[in-house]
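Working notes, structure below.
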Amino acid sequence: MQYISTRGSAPTLDFRAATLAGLASDGGLYVPAVWPQMSAADIRALAGLDYVETAVRVMTPFVAGVLSEDELRALCQAAYGRFSHDAVTPLVQLDHRHWLLELFHGPTLAFKDVALQLLGQLFEKFLGGGGTDLTIVGATSGDTGSAAIEAVAGREHIRIFMLHPEGRVSDVQRRQMTTVLAPNVHNIAIDGSFDDAQAMVKRLFGDAEARSALTLSAVNSINWARLMAQIVYYFYAAVRLGAPGRQVAFSVPTGNFGDVFAGYVAARMGLPVARLIVATNVNDILHRALSSGDYSAGSVTPTATPSMDIQVSSNFERLLFDLAGRDGAAIAGMMDAFDRDRAMSIPADMLTEARGLFSSARIDGDAMSLALRWAQEKGGQIIDPHSAVGLAAARALEIDADIPVVTLATAHPAKFRDAVERATGVRPALPARLGNLFDREERYERLPGDYDAVKAYILSEVARG
Ligand SMILES: *Cc1c(COP(=O)(O)O)cnc(C)c1O
């Protein structure tokens, strides 16, 4: 499989190079040159397969030419063997038509583990021959940081520097990062906001001195391999609910448009997806874009669902690329205009096509709390606020009564236990596998919100070896 950039002028890469590169050199995002197809017979043959075998069947075409089926299987076994539930992503029934797909049984309690555990394995495999040492630098508002650290801690040839805004992530989130004491893990608490941290990371990637000293890589969801890993659970869930003989709808709590884009890929591959519901909180740029074509960024409003508090959703560019007939030059023009104006309107023909598959809903804090209580009272489940945004959207939209609706449960309720307790009166306990999180030693560097200080720290730590 070859990978091409959404902006049309970066070199075409194989799976290995696209995984290590993250962002394309023309500023675009890598996508497969074609969408592999699974026939009804191929999908029927997934019935009864476990998660790892399903993953191998779904992902093999994307890694073709770089990894054999057996190599892919070994990486999946290592990645998903660390999950605490044998089904990896179990389905839970809420009522006669609503289901939850629990994606939070990995080491850090959010769905990001499903992709990052595999990405950690892929990085190690690709760097194993020696040669380059990779330096991963990222900024996190919570979930990505711990999942990425957990995925690469202790691995050779990889170092990770993770910036978080001091005092602005929850205690659980901070401790999940700072109690990992492996020598290749560097947590940096910066004095400032998440946006300040993110801006420093972007600046570092464009800094000639840093680029010549380090082989930099990114672990956010612009990395194609992350999205690829997420396609699997759409197949896994739909097959259990009757696909290919029956259509299934999915509701996805959305921030950067990565998770729901994986559902779009599943549909393009042949999975009978009746609807993809893009559920946003009050930071609703995607809801406005999909309902009226208004793709314009404002400022971020903090909510009880911080992992969805986002204004610009990077992966939306991948959908626009397909909607524009894969015309990279057209996308480059649209994205340049968007960078300049922070706003654009989606052309009517593209919008009509998108709405053939996508619906959207904006869920405010009250609707989120109501859904949390509905899950508790009717479905017997304590869910997290992000999942509740998805469930509220799933219940709000009208879909044929015979189509099952699966809400993606993106985080364990214990990860956001203050908000869960406010809505339900129940304080979810941390799962046993995190047991002594609050007794463990923490280690992190505190730095001022100053780019030069952060850069100097990273360069000197790497030089120390
Ligand atoms: C990251 C995250 C999301 C948003 O996912 P995207 O792929 O960015 O759309 C939703 N819920 C939780 C708990 C997350 O950590």
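Starting from the Cα-Cα distance between residue 450 and residue 86, subtract it from 0.36 nm times their residue separation and give me the gain in nm to one decimal. Walk me through the intermediate numbers first.
Details: separation 364, 0.36 × 364 = 131.04 nm, distance 4.50 nm.
126.5 nm is the gain from fully extending residue 450 to residue 86.
List every residue whose amide H lies under 5 Å from the amide H of residue 179, counting only residues 5 or more places away in sequence or on a different chain, with H placed 1.01 Å from N in the peptide plane.
Under 5 Å from the amide H of residue 179 lie the amide H atoms of 443, each far enough along the sequence or on another chain.
What is the ratio of the Cα radius of gyration of the range 167-311 to 2.2 N^0.38 Å, where N is its residue count, to two decimals? Could the numbers behind the result be given before it?
Working: Rg = 18.7 Å, N = 145, 2.2 N^0.38 = 14.6 Å.
Relative to the 2.2 N^0.38 Å estimate, the range 167-311 comes out at 1.28.
Rounded to the nearest 0.05, what FRET efficiency do residue 39 and residue 378 give with R0 = 45 Å and r taken as the Cβ-Cβ distance? Could you check? Please list the in-between numbers first.
Details: r = 38 Å, r/R0 = 0.84.
Step by step, r from the Cβ atoms, then E = 0.75.
Along the positive direction of the dipole of the chain (beta-carbon charges: Lys, Arg +1; Asp, Glu -1; about the Cα centre), which of 306, 321, 48 reaches farthest?
48
Given points 7 Å out from each Cα along the Cα-Cβ axis, report the residue 439 to residue 196 separation in nanometres with one decimal.
With each label point 7 Å from Cα toward Cβ, the separation is 3.6 nm.
If you put +1 on each Lys and Arg Cβ and -1 on each Asp and Glu Cβ, how big is the dipole of the range 1-64 around its Cα centre, in Debye rounded to 20?
Values: 4 positive and 5 negative charges, 19 e Å.
With only Lys, Arg, Asp and Glu charged at Cβ, the dipole is about 100 debye.
Tell me the GluC sites (Glu not before Pro) within the range 397-465 that lie in a loop according to DSSP and have at most 10 other beta-carbon atoms within 10 Å. It would help to have the intermediate numbers written out before the result.
On the way: sites: 398, 421, 441, 442, 445, 461; in loops: 398, 441, 442.
Answer in residue order: 398, 441.
What percent antiparallel are the DSSP beta bridges of the chain, to the nearest 5? Don't skip to the end; give the middle numbers.
Details: 12 of 49 bridges.
Just about 25 percent of them are antiparallel.
Round to the nearest 0.05 the FRET efficiency obtained for residue 17 and residue 329 when R0 = 25 Å and r is the Cβ-Cβ distance. Before the final figure, lay out each step's value.
Numbers: r = 23 Å, r/R0 = 0.90.
So, using R0 = 25 Å, E works out to roughly 0.65.
Note down the magnitude of the dipole of the range 345-465 about its Cα centre, charges +1 on Lys and Arg C-beta and -1 on Asp and Glu C-beta and zero elsewhere, to the nearest 20 debye. Write down the numbers at each step before the final one.
Working: 15 positive and 18 negative charges, 82 e Å.
The dipole of the range 345-465 has a size of about 400 debye.
Return the FRET efficiency for the residue pair residue 370, residue 461: r is the Cβ-Cβ distance, R0 is 60 Å, and the value is rounded to the nearest 0.05.
0.80
³J(HN,Hα) across the range 278-294 via Karplus (A = 6.51, B = -1.76, C = 1.60, θ = phi - 60°), whole Hz, x for Gly/Pro?
Computed from phi, the couplings for the range 278-294 are 8, 9, 10, 8, 5, 7, 10, 3, 6, 5, 5, 4, 7, 8, 9, x, 8 Hz.
Starting from the Cα of residue 112, draw a straight line to each of the lysines and keep only those under 26 Å, dropping any in the same chain fewer than 8 residues away.
125, 202, 415
Could you tell me the center-to-center distance, by alpha carbons, between the range 241-286 and the range 77-149 in angstrom?
Distance between centres, Cα-based: 19 Å.
What list of ³J(HN,Hα) values in whole Hz, one per residue of the range 340-353 in order, does the Karplus curve 6.51 cos²θ - 1.76 cosθ + 1.60 (θ = phi - 60°) give from phi, with Gly and Pro shown as x?
6, 9, 6, 7, 7, 10, 6, x, 4, 5, 5, 5, 4, 5
Give the long-range amide H neighbours of residue 359: residues separated by 5 or more places, or on another chain, with amide H under 5 Å away, using H modelled in the peptide plane at 1.01 Å from N.
276, 277, 278
Sum up the charges of everything whose Cβ sits under 14 Å from the Cβ of residue 100, counting Lys and Arg as +1 and Asp and Glu as -1, but leave residue 100 out.
On the way: positive: 97, 240, 378, 395; negative: 95, 102, 384.
That sum, taken over residues with Cβ under 14 Å, equals +1.
Please list, in order along the range 240-249, the HN-Hα scalar couplings obtained from phi with the Karplus expression 6.51 cos²θ - 1.76 cosθ + 1.60 (θ = phi - 60°), rounded to whole Hz, x for Gly and Pro.
Rounded to whole hertz, the list is 5, 9, x, 5, x, x, 9, 7, 9, 10.
Quick one: dipole size for the chain, taken about the Cα centre, charges +1 on Lys/Arg Cβ and -1 on Asp/Glu Cβ, in debye to the nearest 20.
Working: 42 positive and 52 negative charges, 105 e Å.
Value, rounded to 20: 500 debye.
Volume per residue, Å³, of the convex hull around the alpha-carbon atoms of the chain? Intermediate results must be reported in sequence, preceding the final value.
On the way: hull volume 62.7 nm³, N = 465.
In the chain, the Cα convex hull volume per residue is 135 Å³.
All of the numbers you see were taken from the coordinates with simple rules; none came from a lab. Source: prediction; values computed, not measured. Every residue, glycine as well, gets a Cβ built from its backbone with ideal geometry; the counts of neighbours run over all protein chains shown.
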